[in-house]
Amino acid sequence: MKTNEYPFVIGTAGHIDHGKTTVVKAISGIDCDRLSEEKRRGMTIELGFAPLTLPCGKTISIIDVPGHEKFIRQMVAGAAGIDAVMLVIAADDGVMPQTREHLEILSLLGIKNGLTVINKIDLVDDEMLEIAKEDVQSLISGTFLEKGPVMNVSAYTGEGIPELLDAIGDLVENCAQKNREGPFFLPVDRVFHIPGFGTVVTGTAIKGTISVDDDVDILPLLEVSKVRSVQVHNEPVEIAYAGQRVALNLAGVALSEIRRGDVVAAKNCFAATECLDVEIKLLPSVPEPIHHWQRIRLHVGTSDVIARISLLDRDKIIPGECAAAQILTEEPLAVCRDAHFILRSYSPLRTVAGGRVIMPVAEKPRNKLEKISLIKFLNAMTEHTTGRERLLALAEYKKIIACKDALLLLELDQAEFERNIASLEAKGSIGLLKMADRFIISLGKMEEYREKLASDLGAFHKEHPERKGMDQEEVSCSLSINDSRFSRELMKLFNRLAWFAVEDDRIRLNYFRPFDEAVFMNNVSALKNILLEASYMMPTVNEAAEKLNITAEEMNRILVYLKERKDLVIIGDGFVLHSEVESAFREKIAAIDGFITLAEVRDITCSSRKYVLPLLEYFDTKGITRRVGDKRIFLNKNRKK
Ligand code: GDP
Ligand code: MG
């Protein structure tokens, strides 16, 4: 960039013949009407753009647009590039219908800064000038121009011109510059051939920067090309910045392969679309609402196409109202996020609405549920401002999305994107599947998978207790996933999150241990040893499981097995009694003559009341002993086994 070249663009607006071109000439010395004559004769490649050097020394750009229809096209094309606007009103004519329409369009296009110029003051007396001023005040009140100055000038005599230049200087100083970061995006407004040079395109760069030798995509047809040379204001430069008027000489592209309305963009960063998610505002001044599925002309960037409006949560938008909607175009085009657009009706041909692109590459909802989630998503996208919030909203809406698609849709800077991904993943707000392409998976979708897999695994473990868990194919089947790498990565993710356990490529519920006969038989004999060693001081089920270091489930399986073989019983509050211990105990008490007391049994078994009581009660139920008062008798019929 030349040292004094400052990326700030002012556009003119106002009724025809109110003196826009003459004012631009008075402040810049450049006659834009004459420039377009020259252009027609091939003397200059730039149209309607004048460099304007301010009192502070900075050089900015001013765009002057001839004619009303051209104003609309040029304003839409340049809106994203325009930082401020200069609305010109002739003092002798006052506010005219086109003055109002221009101001409405500028507001719809999201222009936030500007100043108002009352021109031709040499043609009116003081009284007329006062009337014009009042007229202008009521026009701009409530609009973005309200906060800007109103300057009185005569482009003819030069009166007020130095003050106007100062006011523009102040405006440039006080305007926050537009955020134009991101991959390069340039809607093409003119295409021509220069013999011996090749195809040249011009436009206002909306985002990013472009340098000689950069690779570019030409959308929507996705031709690829390389930038051979770059010009700004008819001067060759190495690099051009968003906000500047740019001419690019493109290699390997024939004149027939590119036209006005196309986009020259950084390679692999944008895609063509026929469905956009948008926010629409209908002008308060239009007489008719916009209806669902209405056909309309869409002006966005440098393209204008026929399109239909699909309303999502209502059947019409009434004048003055804002709504989320989709625009379905009849031919493909390329737009960028946040691009402002204008909607015009045919008969009468007039601007009825405008808005902003929320998602440039969108999908039509296929059912009611998808429609509800789309509305929720669009509301989130209009409310949220940070890249992180928007990434989360996108993940929740798409459920599963490739990182490269998310990057494309959100138009985030790669480094910022990576930071957002990392922090959302660390917080557990999203999951990340690291395949050749990385995929983001929303928390909602992960939980949906978790629930289904947990229930299927529950059944699976019951049916296949000997298996370690489901393999990748069975997981794919359970979750209806048809990409095997995706299921494999999902299994790894679930393992990392400790939602499930994965071992030898098999996924299982965390608590589940597969049945292994050798291990089982080992545990059976280990339990027997524990029980025989403990003898009358029987362990409880839980204590035995703890000693064996096995789960309750596994313990239960062993108990069932041994109970069936009549090798053990559970007595009292869960004491495990082995049949050999039972026999020994039986012999001990059979040897007692007469009444059996608890204390005596305790003494001869060298144990305690805690164990003896449940043993005796168990014998009572079996009819081996019988309680008589606080003593017991051994029933003779059981003397012999
Ligand atoms: P535009 O259509 O808004 O660009 O208007 P032009 O700049 O082409 O001006 C239209 C006519 O108004 C031309 O004949 C100009 O000479 C004339 N004009 C522009 N500014 C002034 C002014 O300050 N005083 C007078 N008397 N005539 C002017
Ligand atoms: Mg003009």
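Quick check on the range 5-174: take the gyration tensor over C-alpha atoms, sort the square-rooted eigenvalues as a ≥ b ≥ c, and tell me if it's rounded (a/c under 1.5), prolate or oblate. In terms of gyration-tensor shape, rounded. Can you classify the range 384-514 as rounded, prolate or oblate using the Cα gyration tensor, where a ≥ b ≥ c are the square roots of its eigenvalues, rounded means a/c under 1.5, and otherwise it's prolate if a/b beats b/c and oblate if not? Note, shape of the range 384-514 comes out prolate. In the range 273-368, a dipole from Cβ-located charges (positive for Lys and Arg, negative for Asp and Glu) runs towards its positive end, and of LEU298, PRO360, LEU349 it is LEU349 whose Cα lies farthest in that direction. This model, with +1 at the C-beta of Lys and Arg and -1 at the C-beta of Asp and Glu, gives the chain a dipole about its Cα centre of some 3720 debye.
Computed from the C-alpha gyration tensor, the three semi-axes of the ellipsoid equivalent to the range 273-368 are 19, 16, 12 Å, from longest to shortest. Per residue, the convex hull around the alpha carbon atoms of the range 185-266 comes to 76 Å³. Each residue, LYS316 and ASN268, gets one label point 7 Å from its Cα in the Cβ direction; the gap between the two is 4.9 nm. Annotation: GLU546 carries an accessible surface of approximately 150 Å², with a 1.4 Å probe and no ligand, DNA or RNA atoms counted.
Surface composition of the chain: carbon and sulfur atoms hold 50% of the protein heavy-atom accessible area at a 1.4 Å probe. When the Cα positions of LEU129, GLY196, ASN179 are compared along the charge dipole of the range 62-216, GLY196 comes out farthest toward the positive end, with charges on each C-beta of Lys, Arg, Asp and Glu. Which pairs in the list LYS528/LYS588; LYS528/LYS566; LYS445/LYS492; LYS468/LYS492; LYS588/LYS631; LYS267/LYS404 are over 19 Å apart, alpha-carbon to alpha-carbon? Listed pairs above 19 Å: LYS528/LYS588. When Rg and Dmax are taken over the Cα atoms of the chain, they come to 41.1, 139 Å. Apply the a/c threshold of 1.5 to the C-alpha gyration tensor of the range 517-634 and tell me whether it is rounded, prolate or oblate. Verdict is prolate for the range 517-634.
Tell me the per residue accessible area of the chain using a 1.4 Å probe; a whole number in Å² is fine.
Accessible area per residue: 47 Å².
Taken about its Cα centre, the range 388-491 carries a charge dipole of roughly 140 debye when the Cβ of each Lys and Arg holds +1 and the Cβ of each Asp and Glu holds -1. Taking label points 7 Å from Cα along the Cα-to-Cβ direction, THR385 and ALA454 give a separation of 3.9 nm.
The values are calculated or read from the model by the stated rules, or taken from the named source; none is laboratory data. What you see is a predicted model, and the numbers here were worked out from it, not measured in a lab. When we count neighbours, we look across all protein chains shown, and the Cβ atoms used for this are built from the backbone with ideal geometry, even at glycine. These accessible areas exclude ligands, DNA and RNA; they are computed on the full protein's heavy atoms, side chains included. Shrake-Rupley method; radii C 1.70, N 1.55, O 1.52, S 1.80 Å.
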